[in-house]
Amino acid sequence: MAVNAETVSSHSELVQLLDIFPLPIRQGLVRLPNLEALVEVVLDLGRPPEARFPDDFVFLSDTSVTYEDIAHVSSRLSPFGTDNRAGIEQTLHRISAIRNRSGKVVGLTCRVGRAVFGTIDIILDVVRGGKSICLLGPPGVGKTTILRECARVLSEDRKRVVIVDTSNEIGGDGDVPHPGVGHARRMQVADAALQHGVMVEAVENHMPEVVVIDEIGTEMEAMAARTIAERGVQLIGTAHGKTLENLLMNPTLSDLVGGISTVTLSDEEARRRGTRKTVLERKAPPTFDVLIEINDRNRLSIYQNVSDTVDALLRGYQPQPEVRQRMPGGNVAVVQEATPAPAQHKARPALAHGGPKAVPESEFAVALRESEEGEREDHEAHVLVFPYGVSRNKIERAIHNLNVSASIARKWDDADVVLTLKSLERKESEKLKSIASENVPIYSIKTNTTAQVMNALKDIFALPSIDAEEIALREASEAIYKVLLDSKPIELMPQTSYVRRMQHQLAEQHRVMSRSTGMEPNRRVLFFRNDLPYGSGASA
């Protein structure tokens, strides 16, 4: 690791690892010029032994590994546990077994363990902040090394730290913990399947301020982690995964960052967000307050507020994490400032005419939107509206007045949206229930008028709000044009006397006859050609 740090008894512990191998393999290892960079030794039955390094591997011998070689190594280890892992007393090395169908060991992975001081200088302020932290990264990136150093630093800060050590990988093999964990106490786990119980026991019996746990991997362990965090204990743990989005989409571990649940929105909220009525939202507060993605040994991405980040991801936004990097000289530099998630996200309307996105849309958001909405057309798509109890003529008139790309669907299952009356929706008819079950957005209006339909279409297309007078005059202009073109009378929407007066004035300018009909509050203006038998003059 490119870091100004010292290794705890590194040479003597490496010698202890070499001593477990048969002489030919040991001699091959000693001859390696870069032995200090060794990552692991692999022994597979019938194949040459391998020495693996961060970016390369070499064969240690031309002779294949035999049962005797594997038995020689196994005899110098502690017994293998139920997780097929063993160790060497007072070291951090981990030896993992591969068994055949009858249970006999046919392969060994001998992982070199090192306790390195200074590995958390890059996140020291976060670790000492008292928040629960999840370290996320693929295998071999150094999660356990950082975790061990967190335990050491916090214990030397005179905090009560308890390590739940499943495979003795954090505190080393044997009953006495490795010096690399500082003053932290260590609880061993007899069976990996019981790890969640030991996690809870640590809190109930030993009054820790900090609990350190490696490789949270099951649903029970995720539940135990939530129990610990909700008791006011700082939890520092690791999980396998490359990014926060990977963890969020993992059904077993998504609860660590709050989980995902399906929520049915009200009509008003669905219109406000511009989404279907059924959406995905964060289910609960996250177990971890902070999530750190370990990109490599010298570069980390930090999400300081997991709850806001998850909320943003579920809404289709991609908040940028703070990225820190350890430079060749050992200094830590912030190479990317965090872009926080907006406090209240304005969701992209699924059918809205475009406009720039507030932030880039993530791959996760794309996958989530596709799973939530299916194969949708883009923002300029033609929208099919199915009228349920609403006049088709009024929908057509509203579409024409607003000049939006929409038409009426013949069947509800072909529609992008369904338009109905609130009175029908309250009755919860079987047809509306069937429509809702297919996640087709349902918009309801109070009355069967063109004005109400236009308001619904404005919500569907996320059109900017337009002054009521402007809408009324636009409708009048369109009606005048059609009267002059088709010589057929057209009745406008009900308006106030002031608006009706402006509509009459507009008709006079274009030499079209007009009159007001009906009773308040449904009094409206009628346009017609002066050669038609509707009388003459105008009255508001």
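FYI, it's all coordinate maths here, none of it is from the lab. Small disclaimer: the values here were computed from a predicted structure and weren't measured. Because the Cβ atoms are built from the backbone with ideal geometry, glycine has one as well, and the counts that use them run over all protein chains shown.
Across the stretch 123-140, coupling constants 3J(HN,Hα) worked out from phi with the 6.51/-1.76/1.60 Karplus curve, θ = phi - 60°, read 10, 4, 5, 6, 4, 7, x, x, 8, 6, 10, 10, 9, 10, x, x, x, x Hz, and Gly and Pro carry x.
At 10 °C and 1.306 mPa s, grab the translational diffusion coefficient of the stretch 468-528 from Stokes-Einstein with a Kirkwood Rh over Cα pairs, rounded to a whole number in µm² per second.
For these conditions, the coefficient is 142 µm²/s.
Taking a straight line from the alpha carbon of LYS458, these aspartates and glutamates sit under 17 Å away, with near neighbours fewer than eight places off in the same chain left out: ASP267, GLU268, GLU269, GLU380, GLU396, ASP416, ASP467, GLU469, GLU470, GLU475. Between 0 and 90 degrees, the angle of helix 219-230 with respect to the longest Cα principal axis of the chain falls at about 80 degrees.
Spin-label model, GLN325/ARG474: points 7 Å from Cα along the beta carbon direction are separated by 5.0 nm. Taking every alpha-carbon pair within the chain, the share separated by more than 42 Å comes to 44 percent. Panel order for GLU269, GLU430, GLU425, by other beta carbons found within 10 Å of each beta carbon, from fewest to most: GLU430, GLU269, GLU425. Over the residues of the chain, the helix contribution to mean residue ellipticity at 222 nm works out to -9000 deg cm²/dmol, using -39500 (n - 2.57) for each DSSP H run of at least 4. Given axes a ≥ b ≥ c from the Cα gyration tensor, I'd like to know whether the stretch 10-111 is rounded (a/c under 1.5), prolate (a/b larger than b/c) or oblate. It comes out oblate by the Cα gyration axes.
Here the gap between GLU430 and THR517, fully extended at 0.36 nm per residue and compared with their Cα-Cα distance, gives a gain of 27.5 nm. Per Stokes-Einstein, at 4 °C and 1.567 mPa s, what whole-number D in µm² s⁻¹ belongs to the stretch 211-268, with the Kirkwood radius over Cα pairs as the hydrodynamic radius? Diffusion coefficient, whole number: 103 µm²/s. Residues of the stretch 390-406 with the amide nitrogen closer than 20 Å to a label point 7 Å from the Cα of TYR481, along Cα-to-Cβ, please. Within reach of a label on TYR481: 393-406.
For LYS488, the lysines whose Cα falls under 27 Å of its own Cα, not counting residues fewer than eight places away in the same chain, are LYS394.
What ranking do GLU268, GLU50 get, fewest neighbouring Cβ atoms within 10 angstrom at the top?
Lowest to highest Cβ neighbour count: GLU268, GLU50.
Here's how it looks for ALA115: its modeled amide H is under 5 Å from those of VAL8, which are all 5 or more places away or on a different chain. DSSP assigns beta bridges within the stretch 383-530; of those with both partners inside it, close to 40 percent run antiparallel. Our summary of shape: the Cα atoms of the stretch 383-460 have principal axis extents of 32, 24, 19 Å, ordered from largest down, in whole angstrom. For ASN295, enumerate residues with amide H under 5 Å from its amide H, sequence gap 5+ or separate chain, H modeled in the peptide plane. Sorted by chain and number, the residues that satisfy this are LEU300, SER301. Simple point charges give the picture: +1 on the Cβ of Lys and Arg, -1 on the Cβ of Asp and Glu, and for the chain a dipole about the Cα centre of about 1960 debye. Working note: Karplus 6.51/-1.76/1.60 with θ = phi - 60° gives the stretch 97-102 the couplings 9, 10, 10, 8, 5, 8 Hz, where Gly and Pro are set to x.
The label-point distance for ASN448 and LYS488, in a model that sets each label 7 Å from Cα toward Cβ, rounds to 1.9 nm. With both residues required to sit in the chain, DSSP beta bridges show an antiparallel share near 60%. Multiplying the residue separation of VAL334 and SER102 by 0.36 nm and subtracting their alpha-carbon distance yields 78.3 nm. The 3J(HN,Hα) values that the Karplus relation (6.51, -1.76, 1.60; θ = phi - 60°) gives for the stretch 431-439 are, in residue order, 5, 5, 4, 5, 5, 4, 5, 8, 6 Hz. Gly and Pro appear as x. With a simple spin-label model that places each label point 7 Å from the Cα along the Cα-to-Cβ direction, the separation between LYS242 and THR218 comes to 2.8 nm. Partner aspartates and glutamates whose Cα lies under 12 Å from the Cα of LYS433, excluding those fewer than 8 positions away in the same chain, are identified as GLU425.
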